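Colleague: Have a look at this one.
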Amino acid sequence: MSLFSPSPLSAFAFPSPSSPLTLFVVFLLQIVAEQQGDIQKAQEFQRQIDELDNKTDRLDKERSKDIKGISWINQRNRNVIRNTVLSGKLKFDVTSEDDPFTRKKGVMKVVSGSKHAVGSSSQTQQPDVNT
């Protein structure tokens, strides 16, 4: 008899056959069966626990197969950065301009009418060849 056989109460007893709650309930049922001396039920519950573990492992591998490559690259980059910093090869050049805690002294430039000013200034700056 399977614990997950379709019955009207199975939806209320176990939310999902692969959930951690289901695994915990089956584990508790196994302990109760062992305490009552029912070895066959305890072995059946142990078989179900093994099946749930295998199914959970398969689902976990399926979910994480896409991100394993990204995780490997991130870990490799972390190791490279850590080794670079710890070896002393990386030198920090901190200037006052890069300080995030001081205000920048930026002055806005006036840009309105710059098109006319550029055209007129280029005409006035031409050298006089007659002189």
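None of the figures in this text is laboratory data; all of them are computed from the coordinates on show. Predicted, not measured: the structure shown is a model, and the values here were computed from it. A quick note on method: Cβ atoms are made from the backbone with ideal geometry, for glycine too, and the neighbour counts reach across all protein chains shown.
Colleague: Which FRET efficiency, nearest 0.05, do residue 81 and residue 102 yield, Cβ-Cβ r, R0 30 Å?
Modeller: Efficiency for this residue pair is about 0.65.
Colleague: Using a basic spin-label model with each label point 7 Å from the Cα along Cα→Cβ, how many nm lie between residue 91 and residue 58?
Modeller: Result for the modelled spin labels: 5.9 nm.
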